[in-house]
Amino acid sequence: MATAKYIFVTGGVTSSLGKGIISASLGKLLQARGFKVTIQKFDPYINIDPGTLNPYEHGECYVTDDGAETDLDLGHYERFLNTPTSQANNVTTGRIYNNVITKERKGEYLGKTVQVVPHITDEIKRNIFQLGESGEYDFVITEIGGCVGDIESLPFIEAVRQVKWDVGVNNFLVIHLTLIPYLSAAKELKTKPTQHSVKQLLEAGIQPDILVCRSERHLPPEIRKKLALFCNVHINSVIEALDADTIYDVPILMRKEKLAERVLAKLKIPNKNEPNLDQWKVFLGKLKNPTDEVNIGLVGKYVELPDAYKSIVEAFTHAGAVNECKVNIEWISSETITEENSASILGKFDGVLVAPGFGERGVEGKIEAVKFLRESKTPFFGICLGMQCAVIEFARNVLKLKDASSTELNEKTKHPVIDLMEEQKKVTDKGGTMRLGAYPCDLKKGSKTSSVYGKTKISERHRHRYEFNNKYLEQMEKAGLMATGINPDTGLVEVVELKDHPWFIGTQYHPELKSTVLNPHPLFVKFVEAAQNHKKENNSKR
Ligand code: GLN
């Protein structure tokens, strides 16, 4: 196809209906027919990016190869499509205004009054067309965060209205995701909230082409008819989206509802190929028919909100499927772990992951967790702060450097085994200033990590300010904590692993960000396998 087609996904009635999953599922179905697809998300908040948001506010901050700190929906896009995203795939109101104001200061609008329409809407459209005009994609799917009717999403909705006239009706389509609640007292599915949210879209000049209706129950024909009539869409464009067992079922459910066929018909694209979802179905088959099961403890600070560790949870789902093993994750608040209770809290697990994090709170509990896992030879996987805790624990308890710490936790420590990176020392701004994005890493030949990856040259994504202090490298290695992954350009330690332990690996980078359905991350796959082995050994001892 010469020009890209633009598909917009808006939301109505309530947030959290899963626009990200619907967008990713549609993307998958189009990709499975041989089309090239990218998915973009607009977030209507004023922060330039979600990097400065507390995970409690907004869930995990997902990092792309090019170092953008983005919304967690981008993780879904990558996990479903198996193609990388970049800064261009996530744009906030803050970024749009920042770009416009920067241009204004440079004098690019000299003589003009700078206004929401056309200047803000033009900047929004520039960000949409930038992807479409790259020539790389047949479809650009743009998810508009928030709900129609929100004050803050108005400029985005207005930009969508304008795009129709810029690209022509055959290149433009709007999908509206909405909720059809079931009132148990009346024993009825209700369409009124959807009618109202479509009216709001119509007021903004947008007629949705397709309605995707989240519902706990099947939509009977009379409900579909009513929705079609009142919302001004064809009855075949009323798509039912039932609650699914797993997000990975959604592409299959949308296939049954013929969502992609509807999109292709509306955009007048001949529907030649049947989608090839073979690999996806193999994955689902394994995911749903496990022959084994392991219990993994996840030690973290934000345990009340599992979205804070979204990519870790999904990476376990992918890895579990490879091993045909159900992975039960139990969340443990690091603040509750002490030297006295670590064995009783963690002893029941087949493997424990110590999570990334920032700041002091809960870190001592993470360090106690590592001590127990090291000594009891329970599979341990530490990510970012989790890896740093492993280094601190080893320094304190094996090297006997009692006061060892990270300068993030104790600036005055006598033994800063984790210290601020040199390039970070001058940094004062908080936003977008960490070491971010993909960096190369060389794995030591013969190390466990290189055998896990099956190669020695890797590239992984980062988000941190502190690092392993190389002044302690020799001492650590002599005592058995080996630095087995090194950045070839800077010498930064990216991986540590313990000798004489069945599975003890800490990574300064975030492997979870690169795990997808079709490319499960080897570290997670092998960690689950190690947990299965640990469980078997424990069972045979009993
Ligand atoms: N707080 C640590 C650092 O900045 C770890 C960051 C993380 O876990 N993502 O280095």
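Numerical summary
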read-out	value
Unmet requirement for P55, which otherwise passes all of (1) modelled with pLDDT under 95; (2) within 13 Å of the chain's Cα centre (by Cα); (3) open to solvent by 40 Å² or more (accessible area, probe 1.4 Å)	(3)
Among residues of the stretch 343-375, those that are more than 16 Å from the ligand (Cβ to nearest atom) and open to solvent by 10 Å² or more (accessible area, probe 1.4 Å), counted	11
Qualifying residues in the stretch 386-411 (those that are open to solvent by 10 Å² or more (accessible area, probe 1.4 Å) and under 23 Å from M434 (Cβ atoms)) - the one nearest to the ligand (Cβ to nearest atom)	E408
Pair list, Cβ < 7 Å and 6+ apart or interchain, from the stretch 228-246 residues that are β-branched (V, I, T) to residues that are exposed (fewer than 15 other Cβ atoms within 10 Å of the Cβ)	I235/K225
Boolean, H119 is farther than 20 Å from A438 by Cα, in a helix (DSSP H, G or I) and modelled with pLDDT of 95 or more	yes
Answer residue from the stretch 1-30, given it is under 20 Å from L131 (Cα atoms) and assigned to a loop (DSSP other than H, G, I, E, B) and is least open to solvent (accessible area, probe 1.4 Å) among those	A4
In the stretch 413-463, the residues that are within 16 Å of the ligand (Cβ to nearest atom), under 26 Å from the mean Cα position of the chain (by Cα) and in a helix (DSSP H, G or I)	Q424
Identity of the residue in the stretch 376-385, part of a loop (DSSP other than H, G, I, E, B) and away from the ligand (no atom under 14 Å from the Cβ), that ends up nearest to T484 (Cα to Cα)	P379
Cβ-Cβ under 7 Å pairs, at least 6 apart or on other chains, the stretch 34-45 side on the phi > 0 side of the Ramachandran plot, far side of a type in the set (F, W, Y) and crowded, with 24+ Cβ neighbours inside 10 Å	none
Test for T93: is it farther than 24 Å from P208 by Cβ, of a type in the set (V, I, T) and modelled with pLDDT of 95 or more	no
Complete set of residues in the stretch 500-525 that are hydroxyl-bearing (S, T, Y) and within 16 Å of the ligand (Cβ to nearest atom)	T507, Y509
Residue in the stretch 509-542 that is farthest from W280 (Cα to Cα), counting only those that are assigned to a loop (DSSP other than H, G, I, E, B) and either open to solvent by less than 70 Å² (accessible area, probe 1.4 Å) or in contact with a Cys (Cβ under 9 Å, 6 or more places away or on another chain) (or both)	Y509
In the stretch 147-178, the residues that are in contact with a strand residue (DSSP E or B) (Cβ under 7 Å, 6 or more places away or on another chain) and assigned to a loop (DSSP other than H, G, I, E, B)	C147, V148
Hits in the stretch 464-499 - residues which are within 15 Å of the ligand (Cβ to nearest atom), more than 19 Å from D442 (Cβ to Cβ) and open to solvent by 30 Å² or more (accessible area, probe 1.4 Å)	R465, Y466
Members of the stretch 125-146 that are outside any helix (DSSP H, G or I) and open to solvent by less than 10 Å² (accessible area, probe 1.4 Å)	F139, V140, I141, T142, E143, I144, G145
Complete set of residues in the stretch 206-254 that are hydrophobic (A, V, I, L, M, F, W, C) and in a helix (DSSP H, G or I)	I223, L227, A228, L229, F230, C231, I235, I247, V250, I252, L253, M254
First in the stretch 450-467 and farther than 25 Å from K425 by Cα, second anywhere and β-branched (V, I, T) and assigned to a strand (DSSP E or B), Cβ under 8 Å, 6 or more apart	S450/T484; V452/I505
Tally of residues being out of contact with any helix residue (DSSP H, G or I) (no Cβ under 7 Å at 6 or more places or on another chain) and surrounded by fewer than 22 Cβ atoms within 10 Å (Cβ to Cβ) across the stretch 182-200	13
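For (1) among the hydrophobic types (A, V, I, L, M, F, W, C); (2) within 26 Å of E203 (Cβ to Cβ), each residue gets a yes or a no:
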residue: V63; (1), (2): yes, no
residue: V91; (1), (2): yes, yes
residue: I120; (1), (2): yes, yes
residue: R126; (1), (2): no, yes
residue: D138; (1), (2): no, no
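The values are calculated or read from the model by the stated rules, or taken from the named source; none is laboratory data. Model, not experiment: these values are computed from the prediction. In this analysis, Cβ positions are derived from the backbone assuming ideal geometry, glycine residues included, and neighbour counts consider all displayed protein chains. Heavy atoms of the whole protein, side chains included, go into the accessibility calculation; ligands, DNA and RNA do not. Shrake-Rupley method; radii C 1.70, N 1.55, O 1.52, S 1.80 Å.
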